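Worksheet: the structure to be examined is printed underneath.
Please treat every number below as a calculation from the coordinates, not as lab data. Keep in mind that this is a model prediction, so the values were computed, not measured. Every residue, glycine as well, gets a Cβ built from its backbone with ideal geometry; the counts of neighbours run over all protein chains shown.
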There are 2 protein chains.
Amino acid sequence: MTRLSPGATIGVLGGGQLARMMAQAGARLGLKTHVFSPVADDPAFDVCAARTQADFLDEAALAAFAEAVDVVTYEFENVPARTAEVLEAHRPVRPNPRVLALTQDRLVEKQFIRGLGLSTAEFADVRDPQTLADAVAALGRPSILKTRRFGYDGKGQARIADGGDLAQTFAALDGAPCILEGFVPFTKEISIVAARGIDGEFRAYDVCENVHEHHILATTTAPAAISAATAAAAVEATRRIAEAAEYVGVIAVEMFVVRKDETEELVINEIAPRVHNSGHWTLDGAETSQFEQHMRAVAGWPLGSTQRHGVSVTMRNLIGHDADRWPQLLSEDGTCLHLYGKKETRDGRKMGHVTRIQR
Amino acid sequence: MTRLSPGATIGVLGGGQLARMMAQAGARLGLKTHVFSPVADDPAFDVCAARTQADFLDEAALAAFAEAVDVVTYEFENVPARTAEVLEAHRPVRPNPRVLALTQDRLVEKQFIRGLGLSTAEFADVRDPQTLADAVAALGRPSILKTRRFGYDGKGQARIADGGDLAQTFAALDGAPCILEGFVPFTKEISIVAARGIDGEFRAYDVCENVHEHHILATTTAPAAISAATAAAAVEATRRIAEAAEYVGVIAVEMFVVRKDETEELVINEIAPRVHNSGHWTLDGAETSQFEQHMRAVAGWPLGSTQRHGVSVTMRNLIGHDADRWPQLLSEDGTCLHLYGKKETRDGRKMGHVTRIQR
C-alpha cells in the first residue's frame, strides 16, 4: 500500500505541537490522524480522530496502534529504536527508521554528512576526560562539547572556553558519550525545509534565516539574505542528504553560513527528520504548509507547491509568557496567531508562534 | 463571562463540515471545541477535543454539554427552539437564539428584512390552496412556492409556472405552511459574509459572486463584478441586519443583483446565521478565515482582518463524485484542496472544495 486514499489514518508518534499541526493539516485533506503519546494532556490529542496514551516501549499498545493506522510517522527524532522496530513489523514507517539511527547520534550524523562530501564543524569522539583533553588540544578553544544523544534546544551542551576544567565539564554532562565540535565563526544560521516524496520528487521551501535566543529558535525569516549561489548549494546539500537516506517526508537541515573573503561557505550543523520549527512560517506564508507537505509525502501523494506568498515572511516563536500577549497579537491586522493549546505556561516552553507576511 | 481565554471550550451544535472547519480554526488559536451531533460518523468528530453524540432534544445530554463548555454556537439555523432554550439556561449561546427564530421561518425573515427598509422579493403567506391561488393571482407567474421552514439547497421548493396545478403543487410540499415569492429577474447572485463582535465591531469580506447549479452552490468568486456603490450598499444592508439582530458571530446574507436601466438594485434573498459556503474562499484567500472570525467573535475576541489575498479568489464546491478527482487536484500547483472526511460519497453531497487565488 503505497498511496493512501482520503479517509485513511496516519499514525503519529508524539503529541506535541508538531503532531498537532500535522493532524490539522491532514484533516484539511480528509486524512484522519491517530496520535500516540505517553502524555495525557498533549496538545495533539485535542485535534485528532483517535488517541493512544501509552509508553513508547509498551509493545502491545504499539502493535494495536499500528494495526489501527495505515502508515506511521513521528514528530521527533528520539523515537526508541525498539519502538520503530515493533511498528515496522506491522505498517510502513515514514521516514524510514534508519534515519532515526542516523540523527539520534551526533557522531554518526556528522560522519554521514561528511561521507556525502559536505562540510560540518570539525569534530572528535569524546568518551572520557582523556579523549576530551586530546580533542580540545586538536580542535582548540572555544569549542562545544555535546552529548551524542538526546540533545535539543541547547540541552546536553557545554561550551569549552579558556581556563575551564575539562574533567568537571565532562562530568556535568553525566559522563555520557560526547562529541566535541570545533568553533564555527558563522555569520548566519539558516535552514532548509524540504520534502521528498515516495517517488523521489524533491521540493524545498525558500531558505530560512534563523535567530536563536538562549539556544531556542526566536525568529525565522524567509527568504534568507544570502546569495543565490549559497541558497542553491543549501538546497542541493539537502537533496543529497534526503536521497542518500531514501527519505520520505519533510526534512530540515540546519546550516551555518561562514563568510570567507568574498564568498559564503556552508557548514551543515544538524539534520531534523521531521517538520521543523523554522518551517512554521509556511502555514501562512507558502502555498503548501510544511505540515500538509509532510502528510502528503507520508500518504504517498504528490508534493504541493512550496511557493512563498508575499515579499518575505517572518515567524516569531512565543516562548513561555510571550504567549500572554495573545490579546494584543489577535488585534494586530496581518499577524497570524497560532497557539498550541498547552495547559501550562512554562519558561522556555514553546506556547505558540506568530507569522507576519510582508506583501 | 464575555471574553474567553485560550484553552476555553466552544460548544458547537452540529457536526458537519462547517463545525469541522470551525473546530480546526479554533484549535489554531488554542481554543478547544466540543461537538454535539446526533450523527456518529459526522466529520467534525474527527478534529475536536470532546464529543457528545445525542439527539438535539435530549435535554439531559444538552445540559451536560452546556456545563462542559464555556459558550455555545451552531453550524446550522434549524436548531430546535427548545434546544436553544435548554442551552441558554446554562451558557451564553452566540449568535443569540432570537436569530434562529428569525431565520427558521421565511415569512418572519422577510418581514424582518422589510422592517429594516431593505428590499426582498414580493411575497405572500400561503396556508392552503385558496391562499396559494390568491397569492399567484397577485404575484403572477413564474413565482416560487417555498415551505416556510426547513428548506435548504432547493429542497422544499416548487416553481409555479404557466399551466401547473396549484393544489397539486401545494400538496407536493406536504401541505406545509408556505410562502410564495415573486420572480426576481436577477443578473447576479451575491452574498456578504461578515462578522459582528461582542462589542459591536463589524467587518465584512469582499462581496462574493455565487453561481448555483441544481440549487447547490457551485462556485464563489471574490470580489464580485459589481459596482463599488452596489458593493457598499450590500455591506451596509448586512450591517443593519446584524445590528438589528444584536448579532455576535459570522453572518451571511444572500442577495440578488437586479439591473434596472443603468443601475444595480439589491434584493435580499436569505440570511444565514452562521458561517457560509460562499465564505469558504476565505480559508486560503483572506487574512482571517470566516471560521476563525466566527470563533473570535463567539469567544468575545477582537475580529481579524478581512483583507483578501491576491487579485481574486475562486472557490469551487466538490459535489458528490467531483471529489474523486482529488489526485489530480492535489497535483495542481496553486490549487488548495479541502476534503471534509465524509465516509460516504453521495450525489448532491458536499464532499469538499478547492480554492484558487489569482495573484
Exercise. Within 10 Å of each Cβ of B:21-31, how many other protein chain Cβ atoms are there on average?
Worked result: 6
Problem set entry | Global geometry of the protein assembly as shown, whether rounded, prolate or oblate, following the gyration tensor of its Cα atoms and the 1.5 cut on a/c | prolate
Exercise. Distance in nm between label sites at B:Glu59 and B:Ala133, each 7 Å beyond Cα in the beta-carbon direction?
Worked result: 4.5 nm
Exercise. What nm distance separates the two modelled labels at B:Val258 and B:Asp165, each placed 7 Å from Cα along Cα→Cβ?
Worked result: 3.2 nm
Exercise. Ordered by residue, what ³J(HN,Hα) values in Hz, to whole numbers, does segment B:36-44 give under the Karplus form 6.51 cos²θ - 1.76 cosθ + 1.60, where θ = phi - 60° and Gly and Pro are x?
Worked result: 10, 8, x, 9, 4, 8, 4, x, 6
Exercise. Distances from A:His212 to the same residue in each other copy, label points 7 Å out along Cα→Cβ, in nm, shortest first?
Worked result: 5.9
Seminar exercise, completed: Checked segment B:198-321 against the a/c 1.5 cut and the a/b vs b/c comparison, axes a ≥ b ≥ c from its Cα gyration tensor; verdict oblate
Exercise. Near A:Lys342, which lysines are there with a Cα under 20 Å away, not counting those fewer than 8 places off in the same chain?
Worked result: A:Lys350, B:Lys32
Exercise. PRE reach from B:Thr314 (point 7 Å along Cα→Cβ): which of segment B:200-215 fall under 13 Å by backbone N?
Worked result: B:209-211
Problem set entry | Estimated dipole of segment A:297-347 in Debye, rounded to 20 [Cβ of Lys and Arg +1, of Asp and Glu -1, Cα centre] | 180 debye
Exercise. Taking the Cα atoms only, what angle lies between the long axis of helix B:228-244 and the longest principal axis of chain B, rounded to 10 degrees?
Worked result: 70 degrees
Exercise. Under the Karplus relation 6.51 cos²θ - 1.76 cosθ + 1.60, θ = phi - 60°, what is the ordered set of whole-Hz ³J(HN,Hα) values for segment A:82-95, x standing for Gly and Pro?
Worked result: 5, 4, 4, 5, 4, 5, 4, 5, 10, 9, x, 10, 10, x
Problem set entry | Long-range amide H partners of B:Leu318 with built H, under 5 Å | B:Met351, B:Gly352, B:His353, B:Val354
Seminar exercise, completed: Honestly segment B:122-182 on the Cα gyration tensor test (a ≥ b ≥ c root eigenvalues; a/c under 1.5 rounded, otherwise a/b vs b/c for prolate or oblate) is just rounded
For this session: Treat every Asp and Glu Cβ in segment B:110-219 as -1 and every Lys and Arg Cβ as +1, leave all other atoms uncharged, and give the resulting dipole magnitude about the Cα centre to the nearest 20 debye.
Result: 180 debye
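Sort A:Val93, A:Val35 so the one with the fewest other Cβ atoms within 10 Å of its own Cβ comes first.
Working: A:Val93 26, A:Val35 29.
Fewest to most other Cβ atoms nearby, the residues stand as A:Val93, A:Val35.
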Exercise. FRET efficiency for A:Glu88 and A:Arg346, Cβ-Cβ distance as r, R0 = 41 Å, nearest 0.05?
Worked result: 0.75
For this session: Specify which residue in the list A:Gly300, A:Ala242, A:Ala60 is farthest towards the positive end of the charge dipole of chain A, using unit charges on the beta carbon of Lys, Arg (+1) and Asp, Glu (-1), about the Cα centre.
Result: A:Gly300
For this session: Starting from a label point 7 Å past Cα on the Cβ side, list the distances from A:Gly7 to the same position in the other copies, nm, shortest first.
Result: 4.0
Seminar exercise, completed: From fewest to most C-beta neighbours within 10 Å, the residues A:Val354, B:Val108 line up as B:Val108, A:Val354
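Report the calculated FRET efficiency for A:Asp125 and A:Ala228 (r = Cβ-Cβ distance, R0 = 35 Å), to the nearest 0.05.
In this case the efficiency is close to 0.40.
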Exercise. When only Cα pairs under 8 Å and 6 or more residues apart are kept, what is the percent relative contact order across segment A:9-93?
Worked result: 33 percent
Exercise. Taking the Cα-to-Cβ direction at A:Gln157 and at A:Ser5 and moving 7 Å from each Cα, how far apart do the two end points lie in nm?
Worked result: 4.8 nm
Exercise. Taking neighbour counts of Cβ atoms within 10 Å as a proxy for exposure, in what order, fewest first, do A:Glu236, A:Glu189, B:Glu201 appear?
Worked result: B:Glu201, A:Glu236, A:Glu189
Seminar exercise, completed: Inter-copy distances for A:Ala244, nm, shortest first, label points 7 Å along Cα→Cβ, are 7.1
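Taking 41 Å as R0, compute the FRET efficiency from the Cβ-Cβ separation of A:Asp324 and B:Glu265 and round it to 0.05. List each step's numbers first, then the result.
Values: r = 50 Å, r/R0 = 1.22.
Given R0 = 41 Å and the Cβ-Cβ separation, E is 0.25.
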For this session: State the Cα centre-to-centre distance between segment B:246-293 and segment A:1-77 in whole Å.
Result: 37 Å
Seminar exercise, completed: Under 5 Å from the placed amide H of A:Ser305, counting only residues 5+ away or on other chains, we find B:Gly334
Seminar exercise, completed: Farthest towards the positive end of the dipole of segment A:9-93, among A:Ala25, A:Pro92, A:Val72 and with Cβ unit charges of +1 on Lys and Arg and -1 on Asp and Glu, lies the Cα of A:Ala25
For this session: Rounded to whole Hz and in sequence order, give me ³J(HN,Hα) for segment B:255-264 from the Karplus expression 6.51 cos²θ - 1.76 cosθ + 1.60, θ = phi - 60°, writing x for Gly and Pro.
Result: 9, 9, 9, 10, 8, 10, 6, 9, 10, 9
Problem set entry | Helix A:106-115 axis, angle to chain A major axis (alpha carbon atoms, nearest 10°) | 90 degrees
Exercise. For chain A, what's the relative contact order in percent, using C-alpha pairs closer than 8 Å and at least 6 residues apart?
Worked result: 15 percent
Exercise. Cα centroids of segment B:209-230 and segment A:306-339: how far apart, whole angstrom?
Worked result: 32 Å
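State the extension gain, in nm to one decimal, for the chain segment bounded by B:Asn78 and B:Phe183, taking 0.36 nm per residue of separation less the distance between their alpha-carbons.
Gain in length upon complete extension: 35.2 nm.
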For this session: Enumerate the amide H contacts of B:Ser312 below 5 Å, restricted to partners 5 or more residues apart or on another chain; note that Pro and chain-start residues carry no placed amide H.
Result: B:Gln358
Problem set entry | Degrees, to the nearest 10: B:17-28 long Cα axis against longest axis of chain B | 30 degrees
Problem set entry | Sum of -39500 (n - 2.57) over DSSP H runs of 4+, divided by residues of the protein assembly as shown (222 nm, nearest 500) | -8000 deg cm²/dmol
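Quick one: putting +1 on the C-beta of Lys and Arg, -1 on the C-beta of Asp and Glu, what dipole do you get for segment A:110-152 around its Cα centre, in Debye to the nearest 20?
200 debye
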